[in-house]
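The structure appears right after this line, and notes come after that.
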């Protein structure tokens, strides 16, 4: 009985997307992320591909699919930077996995839950990137972070990401499909 | 349910061999050992239970290994300035997907701006034209002053046999995209190898240096900005002539952090490229020193923060330096010759005007030189001393009317005015 209700809950919350949507929406957000900072430099503070990872991971309710989605988007994003491939990939894989796992437990149609998840995911990605670049890649340029207000900057980044993510989630909800 | 994750599958009875579960080694045959069957179910349940976590671990591990493969190079290259061949190929694929969209976006933006500047923004053109004419007049005056300084500089450089690398050719490129991250300060340019660009070429604007080319594709290229942590440039402080290495920081600032504390280095000093890195030609403006503070990590070095002349976050068009040469390029040499000729003509005109004007300067010189002569200053060169004009009616106050101070006697009467007059008549 319990297994049946669990399956029903999962089926109730699980959504699917047209393959074109699966490919084009992340690609569009990555392209926007590359173009917008040229026009408005401060726009680089938020991360549109991260929002795509959270949205698709939560909607599919599959941690494996979330991790794979995060890896694909993250590696593509790495290709636009001068970082080695994997910096964004690892961080977004973990974010996608956790977003999908949390999506099981809480109601992700609630705006507050969505905002809280985006905020935490943004902070998690920042910490992951810091660890990867500083510990794994030995990047010494991070040494003066406390003096330059790194935690405050990342909190601001998370807050801005939430502000962008909420309307974007509502827009992307239109592409959801049930089986 | 457990698709593809089962490790040990129970075999059917007819597959247990001719001896069944008897004979030597039967215990070690999976099909005959009940523990193998239990283990297979245990592993099945383990993999099915932790399938998600194991998949995540596998995904992360693969990427960690990929990272390790990419950063196997020596420390100076580990900053990511150069990629391996396969990594470069991957980046090219990614750029090939994104660049067409960036081109369309840039083309649309340029078209809109062009329409705006051609029609709508012409309302204040007349006023701007007047202001520009005044600016041109002021710049011409300054140009005459600078021409003289430049000629002096060239003469001194020739005396010192100083070899200056001048920029001989540039390619104008437009910025069409970014990395999309504030942790990687990379811009995408709309020119590539087909336009003569190569990796490590210097990139600048009329304001100053902005960076160098990192990776060049056939029709696009990546510009690594000065404020990226993996960027670097050899610089020299203009006033103190101290050399240093410029680097970007994670926060997007530009610093020199390989110099020890030096009281001669002050905020506001200009920073130029030194030419020692083999990328940037010597003497290009970089920025000014904004602040100097001890480096908390690397003592006794100081962190000298530079404010770049060029606005690195607002670049639209840049100049890629595709060639440099010793000595001035032909066009610049012609300009220099013209400047010399203009300076010489200005000097001749000034001399002619000075000759035609009343000799105010001579009287002034005489007035200034008179006290010096009275004091018997023998150190002054005789040719430079002006001659006093002969007096028409000399008196006792006239020059040379009084005996030298050494011949005077205390209490002796002063010579009479008549005798002075007679002496003057003679």
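Each reported figure results from applying straightforward, stated rules to the coordinates on display, with no laboratory input. Predicted model only: the values in this text are computed from it and were never measured. In this analysis, Cβ positions are derived from the backbone assuming ideal geometry, glycine residues included, and neighbour counts consider all displayed protein chains.
Relative to the longest principal axis of the Cα atoms of chain A, the long axis of helix A:48-60 lies at roughly 20 degrees. Each of A:83, B:298, B:106 was scored by other Cβ atoms within 10 Å of its Cβ. Arranged with the fewest first, they read B:298, B:106, A:83.
Given the C-alpha centroids of region A:52-110 and region A:35-50, what is the distance between them in whole angstrom? Result: 19 Å between the Cα centres. Which distance in Å, rounded to a whole number, links the C-alpha centroids of region B:225-273 and region B:40-70? Region B:225-273 and region B:40-70 have Cα centres spaced 46 Å from each other. Taking every alpha-carbon pair within region B:164-325, the share separated by more than 26 Å comes to 24 percent.
Sorted fewest first by neighbouring Cβ atoms within 10 angstrom, B:103, B:389 come out as B:389, B:103. Once divided by 2.2 N^0.38 Å, the Cα radius of gyration of region A:37-116 becomes 1.15.
Legend: ranking of residues B:215, B:195 from fewest to most surrounding C-beta atoms inside 10 Å; resulting order B:195, B:215. The calculated P(r) of chain A, using every Cα pair and 10 Å bins from 0, goes 10, 37, 36, 13, 4, 0 in percent. With contacts taken as Cα pairs under 8 Å and at least 6 residues apart, chain A reaches a relative contact order of 24 percent.
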